[in-house]
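Novice: Below you will find the structure I want to go over with you.
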Amino acid sequence: MAIKTNKAIKLSQKHLLGIQELSINDVNLILDEAQTFIKLNKSKNKKLAVLRGKTQINLFFEPSTRTQSSFELAGKRLGADVMSMNMANSAIKKGETLIDTAMTLNAMHPDIIVIRHQDSGACNLLSQKVNCAVLNAGDGSREHPTQALLDALTIINRKNKIEGLRIAICGDITHSRVARSNIYLLNMLGAEVNIIAPSNLMPEEIEKFGVNKFTDMKKGLKDCDIVMMLRLQNERMSSSFLSSNREYYEYYGLTPDKLNHAKEDALIMHPGPMNRGIEIDTKLADDINRSVIKEQVELGVAVRMACLKMFCE
Amino acid sequence: MKKQYFVNANIIDPHNSLKENGGLIIGEDGLIEAIGKKVNTNNIHNREKIIDLKGKYIFPGLVDMRVFVGEPGFEYKENFKTLSNAALAGGVTSVVTMPNTDPVIDNVSIVDFLKRRGRDKSKINIFPSASLTKNIEGTNMTEFGLLEKKGIIAFTDGTKTIQNTQLMSRIMNSAKDLGTLIMQHAEDHDLAKNGMINSGIIATQLGLSGIPDVAERIIIERDLTLLENIRCRYHISQISSAKSVQIIRDRKGKVKFTTGVSVNNLSLNENDIGDFRTFLKLSPPLRKEEDRIALVQGLRDKTIDIIVSDHKPEDEEQKRLTFAQAATGASGIETLLSLSLELYHNGSLKLETIIQALTNNPAKILKINKGNLSIGNEADFCIVDLEKPWIVKKEKLVSKSKNTSIEGKKLQGKVTNTFVKGEELFKL
């Protein structure tokens with residue numbers, strides 16, 4: 001299958017650290033490129049040679065299933081040599097700092113480093129110390145740009161546009177890098193964004209990002225085209241943010257009853273992994289007419305292929 | 001020591017309400033013999049060597065009430081010798097050292113060691129503080145009386161706050177009985193837990209946990225409420241928010257206490273953190289521009305009494321980490337005066353107000369005869385070229401640690417000479 005090659009593609013950034021750093025032109029270029037890979041990923045021969053001879057290192061300091069496998073698969077389909085490092089067994093455990101790890105890996109001349117780290121800004125720090133492109137696969141509570149890009153692609157493929165849509169992001173916003181990246185990107189692309197969370201999980205001054213704040217889920221879902229649910233990040237919660245999971249489900253779990261407040265054709269999204277029965281009703285999660293959760297995973301590979309290709313150039 | 005004569009200087013000594021062009025004579029014993037406009041070339045014997053300062057300024061040696069020294073335990077960050085040299089380069093001649101060392105300064109046996117090291121290795125006046133609680137654990141009081149007899153000037157847990165209100169009231173009672181000065185770093189530990197920078201849009205954007213200003217306010221309000229019944233010598237180490245300034249202004253007429261502010265919070269705001277600049281990870285955190293302006297206003301109307309450097313040397317390894325992992329604090333004793341002078345040059349504060357907050361006021365709080373140029377006192381002073389432009393470069397800092405919060409900043413005004421007991425110990 002022929003893949004059209006855009007010769008004059010120029011991104012404004014050397015690294016993909018966050019949506020905040022991207023221009024709308026960058027975003028459109030990445031999304032256009034990703035469209036071409038969706039078809040490829042469905043075809044029989046999924047392998048290209050675009051990144052043949054290039055080395056991609058995946059540095060995952062936090063456990064990850066879908067993002068790590070998605071980046072690994074994306075790199076391999078483009079023909080790159082992909083090395084995924086399990087940082088749990090690495091020198092970091094022996095007391096090596098992130099900068100020293102970066103220097104060590106940099107000496108091996110990689111072309112691209114994909115990093116996931118529990119600390120906000122870790123990818124920024126890494127990018128200052130290496131010569132190759134750095135792709136952020138999630139840093140602390142700050143950004144997860146490829147997730148936002150794949151979410152945008154999913155919405156565009158279903159709704160044909162983003163501009164003018166009303167999109168609700170609901171759940172643990174405080175700890176969510178997905179929420180932040182999505183707010184930046186959806187705002188940039190012209191959507192109206194509603195943020196729904198209990199006050200304990202609502203970050204300070206979030207309204208200054210140009211979003212509508214709701215603590216009442218039903219009000220926040222009113223006339224929404226997209227309902228984006230987030231996972232409760234218990235691992236990042238140091239003290240009591242919530243009374244119980246069952247109370248959270250009662251007020252902020254997505255149920256058919258609450259979904260009725262959104263538009264009739266509203267779609268359900270979730271970046272995964274899901275806590276079924278806590279933030280989302282298990283039947284809704286699997287409802288093929290409403291839920292596009294599997295599609296998000298599928299398009300994730302295409303978006304990451306586009307990012308790898310374009311930031312490698 | 002030979003007798004020294006300086007003429008044609010702009011002398012500012014808030015303690016003696018002195019603000020005039022004149023001279024300074026230092027006797028052979030290192031004490032101030034004469035000062036002011038009456039000291040000029042006409043009444044000094046022309047055989048003497050006279051130094052014409054050509055309009056440079058003479059200030060009393062600065063008194064910095066919040067300085068961390070790495071000794072004992074963290075000598076690789078700063079020892080008494082390097083601290084002393086850094087202080088002299090900044091015109092600081094007296095410091096209060098914080099007890100957050102390893103081991104903690106919390107018992108009489110370690111004070112002897114401290115005094116000895118301070119005397120042998122340092123050329124400036126070291127006034128050590130001890131901790132309020134044993135091992136800075138916030139549970140058991142230290143021996144204020146015995147420690148004070150050994151030469152401890154004040155008590156503070158330094159980077160930590162007394163959380164337990166009952167303990168705080170007992171500390172205040174003891175301090176009242178003994179006439180001891182206690183200094184509180186005001187921060188509710190639970191509200192500030194895991195916090196790294198000011199709560200608000202910057203924290204949300206950077207994905208860092210915030211420290212709300214209410215964490216500071218709640219401790220200040222609690223302590224000032226206790227102080228209404230237990231009148232002890234109480235000092236708030238440093239404040240960071242407009243709210244705190246307001247509370248202090250409201251309460252100042254009712255109870256007696258004093259307040260400090262770090263030069264960092266007077267000069268920088270949270271926007272300076274930019275792209276995760278760990279050198280600006282400070283405690284209390286930098287807050288909004290409105291907060292900074294309120295702090296400056298607080299100094300102007302005497303709500304805030306003193307400026308401190310909050311000099312906290314950290315080696316680079318502790319800063320070359322992610323923001324969450326990086327150590328808190330900035331080295332700043334050398335730049336304390338120059339950075340404070342920025343507020344004079346940009347028209348925010350009068351020169352006398354700044355110098356008072358750096359000399360006479362801290363000395364008054366500490367009840368020490370320093371920070372003034374009274375006749376008969378030890379000649380601790382600095383000569384300053386008020387207009388001299390310079391750029392802060394970390395590799396040029398004298399301090400052992402280079403973690404300045406203002407790398408690359410253009411400043412105006414620099415200490416050219418510093419004297420302690422009449423002896424010139426720093427010359428640019």
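Novice: Residues in segment A:201-237 that are part of a helix (DSSP H, G or I), surrounded by 15 or more Cβ atoms within 10 Å (Cβ to Cβ) and within 12 Å of another protein chain (Cβ to nearest Cβ): how many?
Specialist: Total meeting the criteria: 3.
Novice: Can you pull out the residues in segment A:33-81 that are surrounded by fewer than 17 Cβ atoms within 10 Å (Cβ to Cβ), touching a strand residue (DSSP E or B) at 6+ places or on another chain (Cβ under 8 Å) and within 21 Å of residue A:270 (Cα to Cα)?
Specialist: Answer for segment A:33-81, where residues must be surrounded by fewer than 17 Cβ atoms within 10 Å (Cβ to Cβ), touching a strand residue (DSSP E or B) at 6+ places or on another chain (Cβ under 8 Å) and within 21 Å of residue A:270 (Cα to Cα): just A:64.
Novice: Can you confirm whether segment A:20-33 contains a residue that is assigned to a loop (DSSP other than H, G, I, E, B) and either under 25 Å from residue A:101 (Cα atoms) or modelled with pLDDT under 95 (or both)?
Specialist: So the first thing to find is which residues in segment A:20-33 are assigned to a loop (DSSP other than H, G, I, E, B), and the list is A:22-23.
Right, trim to either under 25 Å from residue A:101 (Cα atoms) or modelled with pLDDT under 95 (or both) and you get none.
No, every residue in segment A:20-33 fails to be assigned to a loop (DSSP other than H, G, I, E, B) and either under 25 Å from residue A:101 (Cα atoms) or modelled with pLDDT under 95 (or both).
Novice: Quick check: anything in segment A:93-103 within 11 Å of chain B (Cβ to nearest Cβ), more than 30 Å from residue A:251 (Cα to Cα), among the β-branched types (Val, Ile, Thr) and free of Cβ contacts under 8 Å to residues at least 12 places away in the same chain?
Specialist: Yes, because at least one residue in segment A:93-103 is within 11 Å of chain B (Cβ to nearest Cβ), more than 30 Å from residue A:251 (Cα to Cα), among the β-branched types (Val, Ile, Thr) and free of Cβ contacts under 8 Å to residues at least 12 places away in the same chain.
Novice: Turning to a different aspect of this structure: One residue is enough: does segment A:116-136 have a residue meeting the conditions surrounded by fewer than 18 Cβ atoms within 10 Å (Cβ to Cβ), within 13 Å of chain B (Cβ to nearest Cβ) and either in contact with a Gly (Cβ under 8 Å, 6 or more places away or on another chain) or of a type in the set (A, V, I, L, M, F, W, C) (or both)?
Specialist: There is at least one residue in segment A:116-136 that is surrounded by fewer than 18 Cβ atoms within 10 Å (Cβ to Cβ), within 13 Å of chain B (Cβ to nearest Cβ) and either in contact with a Gly (Cβ under 8 Å, 6 or more places away or on another chain) or of a type in the set (A, V, I, L, M, F, W, C) (or both).
Novice: Sticking with this structure for a sec: Given the options A:127, A:141, A:84, name the one that is of a type outside the set (Val, Ile, Thr) and under 16 Å from the mean Cα position of the chain (by Cα).
Specialist: A:141
Novice: Go through segment B:235-254 residue by residue and tally those that are touching a residue at least 60 places away in the same chain (Cβ under 8 Å) and closer than 17 Å to residue B:212 by Cβ.
Specialist: 2
Novice: From the list A:309, A:283, which one is free of Cβ contacts under 8 Å to residues at least 60 places away in the same chain, of a type in the set (D, E, K, R) and in a helix (DSSP H, G or I)?
Specialist: From the options A:309, A:283, the qualifying one is A:283.
Novice: With respect to the numbered conditions (1) closer than 22 Å to residue B:212 by Cβ; (2) crowded, with 24+ Cβ neighbours inside 10 Å, which one is the sole condition not fulfilled by residue B:324?
Specialist: (2)
Novice: Mind counting the residues in segment B:290-321 that are surrounded by fewer than 16 Cβ atoms within 10 Å (Cβ to Cβ) and in a loop (DSSP other than H, G, I, E, B)?
Specialist: Within segment B:290-321, the first condition is being surrounded by fewer than 16 Cβ atoms within 10 Å (Cβ to Cβ), and the residues that meet it are B:290, B:293, B:300-302, B:316-317.
In the following step, the residues that additionally are in a loop (DSSP other than H, G, I, E, B) were identified as B:301-302.
So the count comes out to 2.
Novice: I need the full set of residues from segment A:265-297 which are within 30 Å of residue A:133 (Cβ to Cβ) and surrounded by fewer than 16 Cβ atoms within 10 Å (Cβ to Cβ), in order please.
Specialist: Within segment A:265-297, A:273, A:294 qualify.
Novice: Select from segment B:258-284 the residues that are within 14 Å of chain A (Cβ to nearest Cβ) and out of contact with any Phe, Trp or Tyr (no Cβ under 7 Å at 6 or more places or on another chain) and write down the one among them that is farthest from residue B:354 (Cα to Cα).
Specialist: So, considering only residues that are within 14 Å of chain A (Cβ to nearest Cβ) and out of contact with any Phe, Trp or Tyr (no Cβ under 7 Å at 6 or more places or on another chain), the one farthest from residue B:354 (Cα to Cα) is B:275.
Novice: Here are some conditions: (1) buried (at least 18 other Cβ atoms within 10 Å of the Cβ); (2) touching a helix residue (DSSP H, G or I) at 6+ places or on another chain (Cβ under 9 Å); (3) closer than 30 Å to residue A:47 by Cβ. Residue A:312 meets all but one. Which one does it not meet?
Specialist: Failing condition for residue A:312: (2).
Novice: I want to confirm something. Restricting to segment B:327-342 and keeping residues that are among the polar types (S, T, N, Q) and within 18 Å of residue B:269 (Cβ to Cβ), which single residue is surrounded by the fewest Cβ atoms within 10 Å (Cβ to Cβ)? Working first, answer last.
Specialist: Going residue by residue through segment B:327-342, those that are among the polar types (S, T, N, Q) are B:328, B:331, B:335, B:338, B:340.
Next cut, within 18 Å of residue B:269 (Cβ to Cβ) only: B:328, B:335, B:340.
On the way: B:328: 15, B:335: 29, B:340: 25.
The qualifying residue surrounded by the fewest Cβ atoms within 10 Å (Cβ to Cβ) is B:328.
Novice: For segment B:237-259, enumerate the residues that are surrounded by 23 or more Cβ atoms within 10 Å (Cβ to Cβ), under 15 Å from residue B:305 (Cβ atoms) and either out of contact with any Leu (no Cβ under 9 Å at 6 or more places or on another chain) or not hydrophobic (A, V, I, L, M, F, W, C) (or both).
Specialist: Passing the criteria: B:237, B:238, B:244, B:259.
Novice: Cβ-Cβ below 7 Å, separation at least six or inter-chain, first residue in segment A:24-48 and within 16 Å of residue A:12 (Cα to Cα), second buried (at least 19 other Cβ atoms within 10 Å of the Cβ) and among the basic types (Lys, Arg): which pairs?
Specialist: Within 7 Å, the pairs are A:33/A:309.
Novice: Sticking with this one: In the list B:106, B:52, which residue meets the criterion of being among the acidic types (Asp, Glu), more than 24 Å from residue B:396 (Cβ to Cβ), in contact (Cβ under 8 Å) with a residue 12 or more places away in the chain and surrounded by 15 or more Cβ atoms within 10 Å (Cβ to Cβ)?
Specialist: Checking each option against the conditions leaves just B:106.
Novice: Let me ask something else. Is it fair to say residue B:82 is in contact (Cβ under 8 Å) with a residue 60 or more places away in the chain, closer than 30 Å to residue B:13 by Cβ, β-branched (Val, Ile, Thr) and not in a strand (DSSP E or B)?
Specialist: yes
Novice: Here's something else I'd like to know. Do we find a residue being part of a loop (DSSP other than H, G, I, E, B), among the basic types (Lys, Arg) and crowded, with 24+ Cβ neighbours inside 10 Å anywhere in segment B:270-282?
Specialist: Scanning segment B:270-282 turns up at least one residue that is part of a loop (DSSP other than H, G, I, E, B), among the basic types (Lys, Arg) and crowded, with 24+ Cβ neighbours inside 10 Å.
Novice: For residue B:143, are the conditions met, namely being over 22 Å from the mean Cα position of the chain (by Cα) and within 19 Å of residue B:187 (Cα to Cα)?
Specialist: Values: over 22 Å from the mean Cα position of the chain (by Cα): yes; within 19 Å of residue B:187 (Cα to Cα): no.
So residue B:143 fails the test.
Novice: Additional query: Hey, does segment A:238-261 have a residue that's of a type in the set (Val, Ile, Thr), farther than 19 Å from residue A:64 by Cβ and within 22 Å of the chain's Cα centre (by Cα)?
Specialist: No: zero hits.
Novice: Condition (residue is assigned to a helix (DSSP H, G or I) and under 26 Å from residue B:316 (Cβ atoms)) applied to segment B:97-116: is it met by at least one residue?
Specialist: The answer is no, given that none of the residues of segment B:97-116 is assigned to a helix (DSSP H, G or I) and under 26 Å from residue B:316 (Cβ atoms).
Novice: Is it the case that segment A:143-152 has a residue that's more than 14 Å from every other protein chain (Cβ to nearest Cβ) and modelled with pLDDT under 95?
Specialist: Checking segment A:143-152: not a single residue is more than 14 Å from every other protein chain (Cβ to nearest Cβ) and modelled with pLDDT under 95.
Novice: Looking only at segment B:30-66, count how many residues are within 30 Å of residue B:129 (Cβ to Cβ) and assigned to a loop (DSSP other than H, G, I, E, B).
Specialist: 2
Novice: Applying the selection to segment A:170-200, what residues are more than 13 Å from chain B (Cβ to nearest Cβ) and under 13 Å from the mean Cα position of the chain (by Cα)?
Specialist: Scanning segment A:170-200 gives A:182, A:185, A:186.
Novice: Considering only segment B:139-257, give the helices (runs of 4 or more DSSP H) lying wholly within it that have at least 1 residues that are more than 30 Å from residue A:121 (Cα to Cα), more than 14 Å from chain A (Cβ to nearest Cβ) and out of contact with any Gly (no Cβ under 9 Å at 6 or more places or on another chain). Talk me through it step by step, then tell me what you get.
Specialist: Values: elements: B:144-150, B:165-178, B:201-206, B:214-229, B:242-251.
Per the criteria, B:144-150, B:165-178, B:214-229, B:242-251.
Novice: Hey, residue B:73 hits all of (1) of a type outside the set (D, E, K, R); (2) buried (at least 17 other Cβ atoms within 10 Å of the Cβ); (3) in contact (Cβ under 8 Å) with a residue 24 or more places away in the chain but one; which does it fall short on?
Specialist: Answer for residue B:73: the failing condition is (2).
Novice: Take residue B:287 and tell me if it is under 19 Å from residue B:242 (Cβ atoms), within 13 Å of chain A (Cβ to nearest Cβ), out of contact with any Cys (no Cβ under 8 Å at 6 or more places or on another chain) and not in a helix (DSSP H, G or I).
Specialist: yes
The values are calculated or read from the model by the stated rules, or taken from the named source; none is laboratory data. These numbers come from a predicted model, not from an experiment. Counting neighbours? That spans all protein chains shown, and the Cβs are built from the backbone with ideal geometry, glycine included.
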